[in-house]
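Here is the structure we will look at, set down as structure tokens.
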Amino acid sequence: QQQVKQSPQSLIVQKGGISIINCAYENTAFDYFPWYQQFPGKGPALLIAIRPDVSEKKEGRFTISFNKSAKQFSLHIMDSQPGDSATYFCAASMESGNTPLVFGKGTRLSVIA
Amino acid sequence: DTAVSQTPKYLVTQMGNDKSIKCEQNLGHDTMYWYKQDSKKFLKIMFSYNNKELIINETVPNRFSPKSPDKAHLNLHINSLELGDSAVYFCASSHGQGLRSGANVLTFGAGSRLTVL
């Protein structure tokens, strides 16, 4: 059973455009939703995260939008740059701890000039 | 200084062999993990240790045996390697228990690519 469903699998965006990656979760007990960024040959690294008490969180060009009733959250990358080309993973977990992050299947983003 | 370091970075071996991957973190974290990333990039938790004690053991064949000699190290030993074990294995660490202490903020190593022939 896949607890976090991520789409699209791959995405090609023009430089300067907006990249949007969507995730949906099933477990209503999840209360922490991070996004990880992975470059080729590297491990994933935390990019931005949100808790369900807010509907949006912005850090620079990266924004998470969160819809608790729909059990969905998305990552928006404004003014996408070639350096943003990477694989992005959404994830979810519970605050209670001792529960591992559950990752989506990843989205390979390519930003072309 | 590398925060989470794994060795070896690449490992090519024959079916049936036994191999180990080592992981060390210098972040002072007390929870460490092993994740498996398959050819389709899917990341799946295998094990989690907190202060040298096993706290998560997902459905992983018992050919995989993690060992944590201290809270800064979590090694992965794999017996009787099979073709399906080919993947990139990531070690990660986090601090504390519970979200507020950052337990779910994972720092990953660079990965160890295992190829079984």
(request) Evaluate Rg over Rh across the protein assembly as shown, taking Cα atoms for both radii and Kirkwood's formula for Rh. (result) 0.97
(message) Give me the mean projected area, in nm² to one decimal, of the convex hull enclosing the Cα positions of chain A.
(response) 7.0
(request) Once you've got the GNM for chain A with C-alpha springs shorter than 10 Å, pick whichever of A:Lys42, A:Lys58, A:Lys15 has the biggest mean-square fluctuation. (result) A:Lys42
(request) Would you mind listing how long chain B runs along its three principal axes, going by Cα atoms, in whole Å with the largest first? (result) 43, 29, 28
(request) Let me know the mean shielding of B:50-60 by other chains, meaning the per-residue number of their Cβ atoms within 10 Å of its Cβ. (result) 1
(request) Grab the beta carbon distance between A:Ser10 and B:Arg63, set R0 = 25 Å, and tell me the FRET efficiency rounded to 0.05. (result) 0.15
(request) Using the structure shown, select from A:Lys5/A:Lys57; A:Lys57/B:Lys71; B:Lys19/B:Lys44 the pairs with a Cα to Cα distance greater than 28 angstrom. (result) A:Lys57/B:Lys71
(message) Among B:52-61, B:84-93, B:65-74, how do they line up by average Cβ neighbours within 10 Å per residue, starting with the highest?
(response) B:84-93, B:65-74, B:52-61
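Only the coordinates and a few stated rules stand behind these numbers; no lab work does. Here the structure is a predicted model, which is why all the values come from computation and not from measurement. Cβ coordinates were reconstructed from backbone atoms using ideal geometry, including for glycine residues, and neighbour counts include every protein chain displayed.
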